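Everything on this sheet refers to the single structure shown next.
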Amino acid sequence: MRRMMKCSGCIVDAFLSSDRSMVLAAGRLGDGRSFAFSLKARGKEVFFLRPESASLPPSVRGAFVDPDPWQSFEGLACTRLFLPPGLDFPKEESGRENLRTLPAPSRPAWDLFAELGIGVCVDIEGESRPGNAVDLYFAEPSIAPDTEDGEMLFRWLALDIETDRDSRIVAVSLACDGSPAGRLREVLFLGPETGAKAVRSFATEADLLVALAIRLREIDPDVITGWNVIDFDFRLLCSRYEALGLPFRAARTALPVSFSFAGGNVHRGFVTIQGRVVLDAMRLVRGLGIRFEDQSLDTVARRILGLGKTVSERGEDKLARLEALRRDEPAAFCAYCLADSSLVLSILEATKLAALSMKRSVLTGTSLDIAWTSIPVFERVYGAELRRRRIVPLARSEREVSGAAGGTILDPVAGLFENVLVFDFRSLYPSIMRSFNIDPFARARAMAHPRDSDILAPNGARFAREEGIMPSLIRNYAAEREKALASGDDSAAYVLKILQNSFYGVLGSTQCAYARTDLAGAITSFGRKFLHASRDWFESGGRRVLYGDTDSVFVQALPADGSGYSVLSELGSELAGRLDAYLSELVRTEYGLESFLRIRCEKVYGRFLIPRLRMDDGGRAARGAAGLEGVDDDAEPGELTVRGRSKGYAGLELCPDGSRVEIKGMEAARSDWTALARRFQTELIGLVFAGGGPKEAKDHCRLTEAELRSGRLDGELVYRKNLRRPVSAYASESPQVKAARLMGWTARRGLIAYVMTRRGPRPESDVDAPIDYGHYVEKQLAPIARSVAGACGWKADDWFAGSGQIGFDFD
């Protein structure tokens, strides 16, 4: 039945038809029904740069000519043409040199949407009929942006597979909270009937895979997710369908599901399911900025949800346990598989990652599968704004881009300090871009038509004063973020913050068409200027600056300033307001511009510790190893007697309701140190912050060593390190590589857990020699103790009873 409709919905996927004549899109309407529509694809887009008295080449006079005037990036007038299919121009022709063809877009369907000024949320008006794989299909409807700022209501499904040792699919679990039947939890199982209501059993792998494709079409998800679902589950599924000669038909078109490697990167796959998208939950979680001991589903689930997988063994022990379960307790095996899918949905809900992903897709107008990328999103947003102004977007070109430089570091002063205030620039780099009009378009115009009034960055980059595109975008995003915060929409506020902060990085990447070395350098040069200005301002008032890093300054309050949270936080707010006013006047006087730089007192530490920088054999600071590239070298000789370690400190943070020990960048915050080392450092620093002296610290070290040598701490001695390449690719015999080889790894890569024994490193699952306790004293406990003692001005030479027998009795 055909009928005219006007409705709103969100696009989940868009692509060209096989003959490239139509743009097809699929998604879900606000009422929950799935939809698809088709639009005619446009011809090849060409721009004709119009010098004086020039005319179009004869061969393209049959093209559609856009009547609106356009400009090149540098400001030259040009005409936009669309070449119909089959029409092209000869290589040798008068006027041919003035034609500029942009490279073929990698996502032409989304480029058309950008041209139409629409994003993912759209209003659809036209004739509809029931579709083959969707509820409604619209042929060439009228499409407009959704003026109501619609919310995505996509259907998410989590998928997980289990395999045997021959890589056959023996189980697939599906979990969906918005299926047509409501909450869905089911398992397709290769094996006997289990009696479990949620389990469907199959006699052959082929039968199971046929049923899976049918079930995916019936559930009709918009988004399929899972843990490592692209590089493991779908990679293997596509392989097994192909091996068995079965079509993997789970899309909203007749095209089967396919797996490929993105950009030739054999370590990062890409799945195409036309009309749907696949999002890897593991990749999404990595973007949270939370440090996990490893990236396994069990580890992440226990950290976020407080519960994990039903089988916690690793390596060979896990394989053996699962084989036994499948053989002897198939219902328990299926429950294990189903838990993996359910955990993924729970993690996405608890972290709000599903909602955040959809919010970012709406705000940027990009599809969900690239919504969290930086460069594609920036080019889409920036290009759309250029087109709105009728400016020809830039094409990628060969050029040298040195990359986005790191932030400025002020020399850390090692020691233990009282009453330290941390001042933080709010969104420093976006604020700099907005204040000083740092923008690719403003740079291009200033280079093409330099003027005395141009803004000159400290690195020499030049920018026109007329507001560029990036400052305009940042201004609009900042206003939207304030609205989101005021209305309690934390998801939108978070997405807008991350989006603005990503703009700096893309300007230093060779993969971004708009990146230039001096663009990224202009931002960091202004950052350095104002970090130094802030340091100088504090020191002119008699306060000592202990450390500074990119957008933060650590300042010791004067003794007369008092102590306690309320007094120090009030002082911090007052100083932040005065510094804001000083910097605003500095920008107005020196550049004639309004400053959008804002600084706040972010934290108050009652006690604060910066460890000493480790020295090399010649007594020189190991700058590279300590991450000290870009250290401020303006200090006079002899001004600092002891240099601290950058990006590593600890503080007793004062809060309205008490205090807590916070450790940044030191061993306790690093997953590649043992649990013993992390706990030991936290306890030792906590003891110092509580007022303990060298005697109490020594007693704690002796007690920890005694417990270690007694065997009571054996559970905290495991090293966990990640091998990013196959084991066979390593020429070294590092402990983790040796442990991996003892496990029989050659082509495998991943997380290795091992223990140091008297016979060297041994896999955690096969410790066949006495543990080398002396190693843990010498390599884990003693360096931490020396670091803390050095910051406090103590000696730790006798804090441990003795290292015992150090060294390995290798085979």
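The values are calculated or read from the model by the stated rules, or taken from the named source; none is laboratory data. Since we're looking at a predicted model, the values are computed, not measured. So basically every Cβ, Gly included, is an ideal-geometry build from the backbone, and we count neighbours across all protein chains shown. Ligands, DNA and RNA are stripped out before the accessible areas are found, and what is left, the full protein with its side chains, is counted by its heavy atoms. Shrake-Rupley method; radii C 1.70, N 1.55, O 1.52, S 1.80 Å.
Rolling a 1.4 angstrom probe over the protein heavy atoms with all chains in place gives the chain an accessible area of 45 Å² per residue.
Just round it to a whole percent: the fraction of Cα-Cα distances in the stretch 194-246 exceeding 18 Å. Cα-Cα pairs of the stretch 194-246 separated by over 18 Å account for 45 percent. Computed on the Cα trace of the stretch 661-811, the radius of gyration divided by the Kirkwood hydrodynamic radius gives Rg/Rh = 1.01. Calculated on the alpha-carbon coordinates, the convex hull of the chain measures out at 212 cubic angstrom per residue.
Could you please state how large a percent of the accessible area of the chain is carbon and sulfur, counting protein chains only and using a 1.4 Å probe?
50
The three principal axes of the Cα atoms in the stretch 167-263 give end-to-end lengths of 44, 29, 26 Å, sorted in falling order. Separation of the stretch 739-801 and the stretch 577-607, taken as the distance between their Cα centroids, equals 46 angstrom.
Residues whose amide H comes within less than 5 Å of that of Asn228, counting only those at least five positions distant or on another chain, are Ala281, Met282, Arg283 (H built at 1.01 Å from N in the peptide plane).
On the beta carbon distance between Asp166 and Leu16, with R0 = 35 Å, the FRET formula returns roughly 0.35. Paramagnetic label reach from Ala747 (point 7 Å along Cα→Cβ; backbone nitrogen cut-off under 20 Å): within the stretch 164-193, residues 164-170. Rg of the Cα atoms in the stretch 712-759, relative to 2.2 N^0.38 Å, amounts to 1.17.
Note down the nm distance, to one decimal, between modelled labels 7 Å out along Cα→Cβ at Tyr565 and at Arg33. The answer from the label model is 5.6 nm. With contacts taken as Cα pairs under 8 Å and at least 6 residues apart, the chain reaches a relative contact order of 9 percent. Only helices enter this figure: runs of n ≥ 4 DSSP H residues, each worth -39500 (n - 2.57), summed and divided by the residues of the chain, yield -10500 deg cm²/dmol at 222 nm to the nearest 500. Tell me, what is the FRET efficiency for Glu127 and Ala331 to the nearest 0.05, using R0 = 60 angstrom and their Cβ-Cβ distance as r? Rounded to the nearest 0.05, the efficiency is 0.75.
For the stretch 502-603, the spread of Cα positions along the three principal axes, ordered from largest to smallest, is 53, 28, 19 Å. Each 5 Å bin, from zero up to the one with the longest distance, holds this percent of the alpha carbon pairs of the stretch 362-517: 1, 8, 14, 20, 19, 14, 9, 7, 4, 2, 1, 0.
Candidate cross-link partners of Lys359 among the lysines, defined by an alpha-carbon separation under 29 Å and a same-chain spacing of 8 or more, comprise Lys6, Lys40, Lys483, Lys497. Estimated from the Cβ-Cβ distance and a Förster radius of 41 angstrom, the FRET efficiency linking Asp66 and Ser453 is about 0.80. Per-residue packing, averaged as other Cβ atoms within 10 Å, sorts the ranges 515-526, 450-461, 680-691, 384-395 into the order 515-526, 680-691, 384-395, 450-461, beginning with the highest.
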